[in-house]
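For reference, the structure discussed in these notes is given below.
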Amino acid sequence: MSACPLCAAQDETVLWRDVRCRVILVNEPDYPGFCRVIWNQHVREMTDLPESDRARFMNVVFAVEAALRALLHPGKINLASLGNQTPHLHWHVIPRYPEDAHFPNSIWSTRLREAAPHDAPAPHVLSQMLNARIAPQPA
């Protein structure tokens, strides 16, 4: 599916990958540490995956959440899987702080304030943490 931006991804900062999925760092200045976990094949819904693949996918999402919590100590982590505009399985893993631009609302809602600065994680450090937390699986 060539029109899918997640299938034909370009200029991604890939933090971790295997044959099933990948974790990328999203370039969103107001939300340092914002990651996206993307299923590598074009699949629309979680229930389109076999149960073992669903479990693998969610284990990766949870590993990203745990790594971001350990590294950044956010007030909250938001997990979102919408896919309305891009119907390709992916999860957003977003560190949130009470002083961010949209808190307590979603990051896609109306901005409430200027975001307080937060340090962005070094991609190589986050990548190392993910490699330590996610066990490799054979193809």
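Just so it is clear, none of the values below were taken in a lab; they were calculated from the coordinates. Treat the numbers as computed from the prediction; the structure is a model and nothing was measured. FYI the Cβ positions are ideal-geometry reconstructions off the backbone, even for glycines, and counts take in every protein chain you see.
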Whole-angstrom gap from the stretch 14-39 to the stretch 110-139, using each part's C-alpha centre: 7 Å
Unit charges at the beta carbon, dipole of the chain: most positive-side option, MET46, SER81, PRO32: MET46
Cα-based radius of gyration of the stretch 17-93 once divided by 2.2 N^0.38 Å, which approximates compact folds: 1.09
Derived scalar couplings ³J(HN,Hα) [the stretch 81-88; Karplus, 6.51 cos²θ - 1.76 cosθ + 1.60; whole Hz; x for Gly, Pro]: 9, 9, x, 5, 8, 10, x, 9
Length added when fully stretched, ALA116-ARG17, from 0.36 nm per residue minus Cα-Cα: 32.5 nm
Helix 51-72 vs. the chain, principal-axis angle (Cα, 0 to 90°, nearest 10): 30 degrees
Using alpha-carbon coordinates, inclination of helix 123-133 to the longest axis of the chain, degrees: 50 degrees
Loop-located GluC sites (Glu not before Pro) in the stretch 1-95, at most 13 other Cβ atoms within 10 Å (DSSP): GLU45
Residue-averaged [θ]222 nm for the chain, counting only DSSP H segments that reach four residues, each worth -39500 (n - 2.57): -8000 deg cm²/dmol
Overall Cα dimensions of the chain, principal axis frame, Å, largest first: 43, 33, 27
Residue exposure sequence - CYS21, CYS35 - by fewest surrounding Cβ within 10 Å: CYS21, CYS35
Built amide H within the under 5 Å cut-off of THR13, gap 5+: LEU25
Extension gain (nm, one decimal) between ASN84 and GLN10, 0.36 nm per residue minus Cα-Cα: 24.6 nm
Orphan Cys of the chain, criterion: no other Cys C-beta under 4.7 Å: CYS21, CYS35
Chymotrypsin sites (Phe, Trp or Tyr not before Pro) restricted to DSSP loop in the stretch 53-135 with at most 14 other C-beta within 10 Å: TRP108
